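Asker: Here you go, one structure.
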Amino acid sequence: MFSKPPQTQFLENSEVIFCNSSFSFRSAQDAENAFAEENSASYIYSRFSNPSVTAFCQRIAELEQGEKALATASGMSAILSLVFGLCQSGDTVVCGGGLFGATVQLLNKHFAKYQVHTHFVFDKSIEAWCQQIDQLQNVKLVFLESPSNPMQSVIDIKALSVELKKRGIILAVDNCFCPYLQKPLLLGADIVVGSGTKYIDGQGRLLSGYLVGSADLLEQKIFPFLRSGGPALSAFNAWIMYNGLETLPLRIAKHSQSALQIAEWLEQQPAVQQVYYTALPSHPDHRLAMQQQSGMGGGVISFVLNGGKKSAFCFIDALTRFSITANFGDAMSAVTHPASTTHVRVPADIKQTIGLTDGLVRLAIGLEPVELLQNDIEQALKKAVDG
Ligand SMILES: *Cc1c(COP(=O)(O)O)cnc(C)c1O
């Protein structure tokens, strides 16, 4: 899928790493010329740009089919740069209801201090989105996750983008859950944001983040903040992500296949009240999700256990092949209790509105043989039921 990296005189067979904080110039005049332009094509200093980071950006732009990509130290610093770059005091960011916990904190707590307001839309219908947006002042940006974490709520990206274009509002989509499968830019989004920490790395080692979209928007609005603010991606992390991308299509297909098999089985279990997974026909937006996500659901399943928090904790503690951790996209499987961990700071009324209850468990299905995972879930469910 990706072209081979350029080689140096040693003809190395994989990309080299450029561990250089700064770059030198042949003359004082060359240095003056390079510093004169904000988006200089020459390398100056690795807070601005670095060849290993550029190589990663080119591949991630290819993956998301955008004109240009920028890389950041983490997914959150990509979101920080997005809002800092696009919004000013008095603006409103309109968000989907089921956002990542740290994104809610960043907007509600930190940007609120600078009078950048946040409005959450809990409805999935495009009419409801438009109606609410039209009642607000200075909406600069719409930010959403589809499918959302952990409730897997799906939004029609194409239909919403048509409405936002009419209103001159920028649409940014957080594509952490379905990289490779879903291409929000092709559906009409202006910017894709992602955390490379999840599926791009794929082995739970390092953090990274990225933004992809039109060169104009990224160079004029977002890059100036990155250059001065400094949430730069390290060359080593960029190199790991660059290589991780080569196996992403195979991995995400395997994560999705195993997750679907487990989700179908979970749905049949009497101890399970409800399963949230977009590739299940029982998901309320199954058809739309399968259109947007190339027919696959990704590796994360959420489900509700009868018996609330007590059963959920009992189930989680009884699992032997799932680490208790907040990460997903790792080759190794993981389990999370969102209400008490990743989403503990989400206000109670929001949790209730999106259905994030104490009985909810999130599984991140890894690349282990699926039978081993299913057997482990089966024995843990039995323990949760028996108390
Ligand atoms: C993990 C995650 C982020 C943040 O990414 P980091 O690399 O941890 O900073 C943002 N959005 C979603 C949906 C995530 O899952």
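The values are calculated or read from the model by the stated rules, or taken from the named source; none is laboratory data. Small disclaimer: the values here were computed from a predicted structure and weren't measured. Here Cβ is always computed from backbone atoms with ideal geometry, including for glycine, and neighbour counts include all displayed protein chains. We work out accessible area using only protein heavy atoms, side chains counted, and drop any ligands, DNA or RNA first. Shrake-Rupley method; radii C 1.70, N 1.55, O 1.52, S 1.80 Å.
Asker: Test of understanding: extend the Cα→C-beta vector of residue 273 to 7 Å, then name every residue of the stretch 300-336 with backbone N under 20 Å from that spot.
Answerer: What the label zone holds, given the 20 Å backbone N cut-off, is 301-318, 336.
Asker: Quick one: with all protein chains in place, what share of the accessible area of the stretch 1-120 is carbon or sulfur, to the nearest percent (1.4 Å probe)? Before the final figure, lay out the partial values.
Answerer: Details: 3230 of 6220 Å².
That share works out to 52 percent.
Asker: Any chance you could run the full-extension gain for residue 220 through residue 65? It's 0.36 nm times the residue separation minus the Cα-Cα distance, nm to one decimal. Write out the running numbers ahead of the final one.
Answerer: Details: separation 155, 0.36 × 155 = 55.80 nm, distance 1.96 nm.
Extra length from residue 220 to residue 65 when fully extended: 53.8 nm.
Asker: Another question, if that's okay. Please arrange 276, 210, 43 by accessible surface area, largest first, computed with a 1.4 Å probe and ligands excluded.
Answerer: Values: 276 45, 210 0, 43 70 Å².
Highest to lowest solvent-accessible surface, that is 43, 276, 210.
Asker: What's the angle, to the nearest 10 degrees (0 to 90), between helix 370-386's Cα axis and the longest principal axis of the chain?
Answerer: 50
Asker: Follow-up. Taking only C-alpha pairs under 8 Å that are 6+ residues apart, what is the relative contact order of the stretch 45-121 in percent?
Answerer: Values: 57 pairs, mean separation 19.7, N = 77.
Computed over the stretch 45-121, the figure is 26 percent.
Asker: To the nearest Å, what is the center-to-center distance of the stretch 150-187 and the stretch 254-294, using C-alpha atoms only?
Answerer: Their Cα centres are 20 Å away from one another.
Asker: Run through the DSSP bridge list for the stretch 2-153 and note the antiparallel percent, rounded to the nearest 5.
Answerer: 10
Asker: Separate question: Identify all lysines with a Cα-Cα distance to residue 254 below 25 Å; exclude those on the same chain that are fewer than 8 residues away in sequence.
Answerer: 4, 183, 198
Asker: Mind giving me the FRET efficiency for residue 37 and residue 332? R0 is 45 Å, r the Cβ-Cβ distance, nearest 0.05 is fine.
Answerer: Working: r = 45 Å, r/R0 = 0.99.
After rounding to 0.05, the efficiency reads 0.50.
Asker: Now for a different question. What lysines could a cross-link reach from residue 310, if we take a straight Cα to Cα line under 26 Å and drop same-chain neighbours fewer than 8 places away?
Answerer: Those lysines meeting the cut-off are 351, 382, 383.
Asker: Determine the share of the stretch 228-298's accessible area contributed by carbon and sulfur atoms, expressed in whole percent, with a 1.4 angstrom probe.
Answerer: On the way: 1620 of 3100 Å².
Answer for the stretch 228-298: carbon and sulfur cover 52 percent of the accessible area.
Asker: Select from 110, 119, 337 the residue whose mean-square fluctuation is largest in a Gaussian network model of the chain (Cα-Cα springs shorter than 10 Å).
Answerer: Result for the chain, Cα springs under 10 Å: 110 fluctuates most.
Asker: How much length, in nm to one decimal, is gained on full extension between residue 345 and residue 45, taken as 0.36 nm per residue of separation minus their Cα-Cα distance? Mind showing how you got there, number by number?
Answerer: Values: separation 300, 0.36 × 300 = 108.00 nm, distance 3.76 nm.
So the chain would gain 104.2 nm between residue 345 and residue 45.
Asker: Shifting gears a bit: Quick one: with all protein chains in place, what share of the accessible area of the stretch 335-376 is carbon or sulfur, to the nearest percent (1.4 Å probe)?
Answerer: On the way: 900 of 1670 Å².
So the carbon and sulfur contribution to the accessible surface is 54 percent.
Asker: Also, quick follow-up: Quick one: helix 75-86 against the long Cα principal axis of the chain, what's the angle to the nearest 10°, folded into 0 to 90?
Answerer: Approximately 60 degrees, to the nearest 10.
Asker: Using the beta-carbon distance between residue 3 and residue 134 and R0 = 35 Å, what value does 1/(1 + (r/R0)^6) give for FRET efficiency, to the nearest 0.05?
Answerer: Numbers: r = 45 Å, r/R0 = 1.28.
Step by step, r from the Cβ atoms, then E = 0.20.
Asker: How big is D for the chain, in µm² s⁻¹ as a whole number, if Stokes-Einstein is applied with the Kirkwood radius of its Cα pairs at 37 °C and 0.692 mPa s? Before the final figure, lay out each step's value.
Answerer: Working: Rh = 21.8 Å.
Estimated via Stokes-Einstein, D reaches 151 µm²/s.
Asker: Considering only DSSP beta bridges whose two residues both sit in the chain, what percent are antiparallel, to the nearest 5?
Answerer: Working: 23 of 42 bridges.
Just about 55 percent of them are antiparallel.
Asker: Moving to a separate point now. Residue-wise, which Karplus ³J(HN,Hα) couplings in Hz belong to the stretch 173-186, taking 6.51 cos²θ - 1.76 cosθ + 1.60, θ = phi - 60°, and x for glycine or proline?
Answerer: Working through the residues one at a time gives 10, 7, 9, 4, 6, 9, x, 6, 6, 10, 10, x, 5, 6 Hz.
Asker: OK, next. Please work out the Cα center distance from the stretch 38-117 to the stretch 347-368, rounded to the nearest Å.
Answerer: So the two Cα centres are separated by 26 Å.
Asker: Can I ask one more? Helix-only estimate, please: 222 nm mean residue ellipticity of the chain, summing -39500 (n - 2.57) across DSSP H runs of length 4 or more and dividing by its residues, to the nearest 500.
Answerer: For the chain, the value works out to -11500 deg cm²/dmol.
Asker: Okay, next question. Before I look further, what does the chain give for accessible area per residue, probe 1.4 Å, in whole square angstrom?
Answerer: Numbers: 16870 Å² over 387 residues.
Accessible area per residue: 44 Å².
Asker: Springs between alpha-carbon pairs under 10 angstrom, Gaussian network model over the chain: which of 352, 58, 274 fluctuates most?
Answerer: Comparing 352, 58, 274 in the GNM, the peak value goes to 352.
Asker: With a cut-off of 11 Å, note down the residues of the stretch 86-100 whose backbone N falls inside the zone around a label point 7 Å from the Cα of residue 353 toward its beta carbon.
Answerer: Residues 95-99 fall inside that zone.
Asker: A further question on this structure: What residue among 125, 52, 323 has the largest mean-square fluctuation in a Gaussian network model of the chain, using Cα springs under 10 Å?
Answerer: 125
Asker: Hey, another quick one. On the full set of protein chains, 1.4 Å probe, figure out the accessible area of residue 381 and give it in Å² to the nearest 10.
Answerer: 10
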